[in-house]
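Enquirer: The following block contains the structure, expressed as structure tokens.
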Amino acid sequence: MSKVNEAALKKRISISTLHKMKQRGEKFATLTAYDASFAKLFDDHGVSMLLIGDSLGNVVQGLDDTLAVTVDDIAYHTRCVRAATQGALIVADLPFMSYATHEKACENAATLMRAGAQMVKLEGGEWICDTIRSLVQRSVPVCAHIGLMPQSVHLMGGYKVQGKSDEDAQRILREAKAVEAAGAQLLVIECVSQKVAKAVTEALSIPVIGIGAGPDTDGQILVMHDLFGISAGHIPKFSKNFLTETGNMQQAVARYVSDVAEGHFPAAEHSFE
């Protein structure tokens with residue numbers, strides 16, 4: 001069979017695919033991606049979802065935080081990623097202040113969807129629910145993001161683990177249920193205790209994707225540079241350099257995908273109590 005025909009037969013993963021995987025108890029691996037070459041590498045090795053994250057502010061633009069990233073930045077990188085992939089679900093971040101009003105959220109989400117995203121991601125808990133409803137009513141699928149929220153880093157006083165106190169843990173669980181009820185179809189939960197992430201994952205019917213949230217979530221996501229150990233700054237506790245133990249990028253991605261699927265990653269040393 002020709003490569004053209006093989007590509008035509010390759011079915012892109014959908015949101016419902018990930019929902020079915022959760023129902024079957026199958027864990028899935030996701031990564032950030034910002035260009036065509038790495039997106040194709042990840043796609044070819046079975047990464048289920050690619051996020052064009054505003055983390056590009058850190059790892060591509062060399063900034064201290066994500067706040068200067070624009071919708072146009074995300075749209076450009078989304079087009080690059082979408083052009084090179086045929087299997088992975090493509091999710092794009094709505095960057096800082098791009099969803100401050102319902103009107104802005106809808107206009108900017110439309111820009112990202114036209115660039116090739118199949119879903120947009122935004123940060124926030126109960127306060128963001130009306131925006132989620134507004135987007136979903138207008139046929140824009142939404143991935144919510146709670147726990148540590150990088151766009152709120154200054155308000156939160158830095159990059160700190162969330163959900164340590166009983167009160168904070170209950171707040172996170174309440175927010176998770178609220179964004180699901182508002183129509184979010186996926187949830188990313190970042191830098192929370194393993195216990196909190198497990199409770200959230202069990203309480204929700206939608207897939208929960210963890211980063212620094214322990215092994216009990218339905219999926220895992222890493223910033224691609226952390227996977228290869230090439231981030232310019234601090235390598236977070238919850239990450240693992242898969243390149244060191246495999247020797248090449250292709251095998252590193254394949255190992256990450258299989259380790260997530262088999263429950264080997266993240267391990268205890270990558271999780272927070």
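Enquirer: Go through Glu180, Glu126, Glu175, Glu167 for me and flag whichever is charged (D, E, K, R), more than 20 Å from Asp65 (Cβ to Cβ) and out of contact with any helix residue (DSSP H, G or I) (no Cβ under 9 Å at 6 or more places or on another chain).
Expert: Checking each option against the conditions leaves just Glu167.
Enquirer: Tell me which residues, restricted to segment 49-84, are in a helix (DSSP H, G or I) and more than 17 Å from Leu222 (Cα to Cα).
Expert: Val71, Asp72, Asp73, Ile74, Ala75, Tyr76, His77, Thr78, Arg79, Cys80, Arg82, Ala83
Enquirer: Same structure again: With (1) on the phi < 0 side of the Ramachandran plot; (2) assigned to a loop (DSSP other than H, G, I, E, B); (3) out of contact with any Asp or Glu (no Cβ under 7 Å at 6 or more places or on another chain) as the list, and Gly46 as the residue in question, which single condition is left unmet?
Expert: Failed condition: (1).
Enquirer: Could I ask something else about it? Identify all residues within segment 59-107 that are closer than 26 Å to Asp130 by Cα and of a type in the set (Phe, Trp, Tyr); write none if there are none.
Expert: Across segment 59-107, the qualifying residues are Phe96, Tyr99.
Enquirer: Got a number for residues in segment 221-247 being assigned to a helix (DSSP H, G or I) and surrounded by fewer than 12 Cβ atoms within 10 Å (Cβ to Cβ)?
Expert: Counting residues in segment 221-247 that are assigned to a helix (DSSP H, G or I) and surrounded by fewer than 12 Cβ atoms within 10 Å (Cβ to Cβ) gives 2.
Enquirer: Ala254 passes all but one of (1) free of Cβ contacts under 8 Å to residues at least 60 places away in the same chain; (2) of a type outside the set (Lys, Arg); (3) not in a loop (DSSP other than H, G, I, E, B); which number fails?
Expert: Failed condition: (1).
Enquirer: With respect to the numbered conditions (1) surrounded by 14 or more Cβ atoms within 10 Å (Cβ to Cβ); (2) touching a His at 6+ places or on another chain (Cβ under 8 Å); (3) modelled with pLDDT of 95 or more, which one is the sole condition not fulfilled by Gln250?
Expert: Checking Gln250 against (1) surrounded by 14 or more Cβ atoms within 10 Å (Cβ to Cβ); (2) touching a His at 6+ places or on another chain (Cβ under 8 Å); (3) modelled with pLDDT of 95 or more, the one that fails is (1).
Enquirer: Restricting to segment 86-107, name every residue that is touching a residue at least 60 places away in the same chain (Cβ under 8 Å), surrounded by fewer than 24 Cβ atoms within 10 Å (Cβ to Cβ) and not small (Gly, Ala, Ser).
Expert: Scanning segment 86-107 gives a single hit, Gln86.
Enquirer: Filter the helices (runs of 4 or more DSSP H) completely within segment 129-220 down to those with at least 2 residues that are modelled with pLDDT of 95 or more and polar (S, T, N, Q).
Expert: The helices (runs of 4 or more DSSP H) meeting that bar are 129-137.
Enquirer: Only residues that are surrounded by 16 or more Cβ atoms within 10 Å (Cβ to Cβ), of a type outside the set (Ser, Thr, Tyr) and closer than 19 Å to Gln185 by Cα: list them for segment 23-37, please.
Expert: Result: Lys27, Phe28, Ala29, Leu31.
Enquirer: Check Val136, Val188, Val120 and return the single one that is β-branched (Val, Ile, Thr) and under 16 Å from Gln220 (Cα atoms).
Expert: Val188
Enquirer: Just a yes or no: is a residue in segment 108-125 surrounded by 15 or more Cβ atoms within 10 Å (Cβ to Cβ), in a loop (DSSP other than H, G, I, E, B) and among the β-branched types (Val, Ile, Thr)?
Expert: no
The values are calculated or read from the model by the stated rules, or taken from the named source; none is laboratory data. The structure presented is a predicted model; accordingly, all values stated were derived computationally and were not measured. For neighbour counting, all protein chains shown are included, and Cβ atoms are generated from backbone atoms with ideal geometry for every residue, glycine included.
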